[in-house]
Every structure is written in C-alpha cells, then in structure tokens.
1. Where does each of Ile59, Ile116 land when they are ranked from fewest to most other beta-carbon atoms within 10 angstrom?
2. Given Cα pairs under 8 Å that are at least 6 residues apart, what percent is the relative contact order of the range 1-85?
3. At 222 nm, what helix-only mean residue ellipticity would the chain give, in deg cm²/dmol to the nearest 500, using -39500 (n - 2.57) for each DSSP H run of four or more?
4. Compute the FRET efficiency between Thr61 and Arg124 as 1/(1 + (r/R0)^6), taking r as their Cβ-Cβ distance and R0 = 35 Å, and round to the nearest 0.05.
5. Show me 8-15, 122-129 ranked by packing, highest mean number of other Cβ atoms within 10 Å first.
6. Counting other C-beta atoms within 10 Å, which of Val70, Val171, Val232 has the fewest, and how do the rest follow?
7. What lysines does Lys28 reach when the alpha-carbon gap must be under 24 Å and sequence neighbours fewer than 8 apart in one chain are set aside?
8. Could you give log10 I(q)/I(0) at q = 0.12, 0.18, 0.23 Å⁻¹ for the range 77-190, computed by the Debye formula over C-alpha point scatterers of equal weight, without solvent?
Amino acid sequence: MTRTSLHRMLRRLYLGIGFVLAVSLLAKFADHVPYLRGTAGEAALKDVYEFLRDMSLLIATGGVAYLTNVFQKRSTFVQNLEQEWRNIVRTKSALFAFCEKQYATADDYVAAFCRISETIDNMRIIYRNVGETDDLIGLYPYAPLHDMRRALQTLDPRKGGNPPAEQRALVRDAILQGFYALRESFLDELDMVAPDNPLLIHSGRRLKRPGSPVWARTAQDRQRRRQDNEPVTRPDIDEFLRRQYEIEEGAGKAGANGRPRPL
C-alpha cells in the first residue's frame, strides 16, 4: 500500500467516524432542537442514537480491525520497498564495477545484464505500470532503470572488442545519473525523517575524551580481584592476552603508526 493510498484510506475512515459522531450528537440533543422537538424526526433520531449506542462496541471493533489491516498492508509494502531498494543499490554497484573493468569478458557482461534485468522485473512485485488497464500495458513506473539497461548494452563485448575508456566512462556516468534520479523519486515513498542527532560538518571527529568515571574503574578493579582469586586453568592464555592488552594500550597512548587504538 503506497503512502497516497494509506492517506486516502485514513481520510475516509476519519470522515466516516466524524459523520457517525455528528449524527450521534444530533440524535442525543434532538429534543433541544426547536424544529425537531416533538416531531417524527426526533423519534427517528432517538432510535438512531439508541442503535449507535448498542452497536458502539461492534463499530469500535470494526474500526480497530480496519486500521490494523491497513497498517499491516502498509508495513508489508514498506518492507518490500526497502528490500527492493537494497537490490537496486547492489545492481548499481554491479554495473559500476563492470564499467570500471578495462577488459570485461562476455561472462561479466551477461552477469551485469542479468542483474539489471532482474531488478527491472522485480519492480512488478511492488508496483504495476502507470496507466495499465485490461487493454493497455501502461508506462513502466521507474524509467531510469531502463536507461541503465540501455546504457549497459552499449558495452557488450560480444559486439566487437573492448570499448574505449571514454565510452565506459560515459556509460558509467549515465548509469549513475539514472540511479540518482531514481533514488530521489523512489525513496520519497518511505516517509524517511531526519536523524535526531545528525553530524553535519565535514572532517568530523569524536568529541568524547578517553577515560572512564571512577565507579566504572572501581567495578573493573573489583572484577579483576575476584577473578584473580579463582584458580587459573590456562595461564598461557592469560599471559598472552595480558601482553596484547598492554601492547594495544601502549600503542594507543603513543599514537603508534599515527593511529589510536580502536575503542
């Protein structure tokens, strides 16, 4: 279920709930409305109110079941969409790698072509063609995938030798252009949000300082003393790990090879 379909179904549900509440409110206070007091309309509205009150549990249960079904469909659709996007990214990487090969073989080309062909066909699992009817095929929903396929076909080594570097670079850039256009449109369906704590500057570095609070070091010392009181089964392993720890700690403090120890 697409985002537009979800919003449309929720809008219908909200309108239906609003209509039922409005009718219930009118029925509840029908005897206070001058033109309805003492008329057949008032009696009918009172009957409607009693009916809605008696059926309130059933109506609420049906609404909850409807919402559950809607969101389950949306969840399944988004999961399929995410999986297909990962497949598109892998396809882009495979085509890029093929374009970077100076001497690509026919097997390399067939593998790359099968990859983009599978990606094009897998889109059928998620979307139907735009404007598709019983008589018309319609338009493929994401044309850049076909642009990527057509660009790749110009590098078929079976058509005569290896294409020059300039041709491979042109095809690579055309594939990337199609991918970026596809990404801008395709990911819009996922309703992604910005992170709560983004890192927006270049050359970003870690701001936390090395070290630990006193309570953590106290707990570490307590665990060390408790273990030291237990019998050692493999002193060679303990000595080996102790040496590696000291080497890593020393390298981190001294900045050996220009790299701090990993944390």
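Quick note: the coordinates plus some simple rules give every number you see, no bench work behind them. Since we're looking at a predicted model, the values are computed, not measured. Positions of Cβ are generated from backbone atoms using ideal geometry, with glycine treated the same way; all protein chains shown enter the neighbour counts.
1. The most exposed by this proxy come first: Ile59, Ile116.
2. On the way: 31 pairs, mean separation 32.0, N = 85.
Across the range 1-85, relative contact order equals 38 percent.
3. Estimated from H runs of four or more residues: -22500 deg cm²/dmol.
4. E between Thr61 and Arg124, to the nearest 0.05, is 0.45.
5. For the peptides 8-15, 122-129, the packing ranking is 122-129, 8-15.
6. Details: Val70 16, Val171 22, Val232 11.
Ascending Cβ contact count within 10 Å gives the list Val232, Val70, Val171.
7. Here the lysines satisfying the reach criterion relative to Lys28 are Lys46.
8. -0.45, -0.89, -1.26
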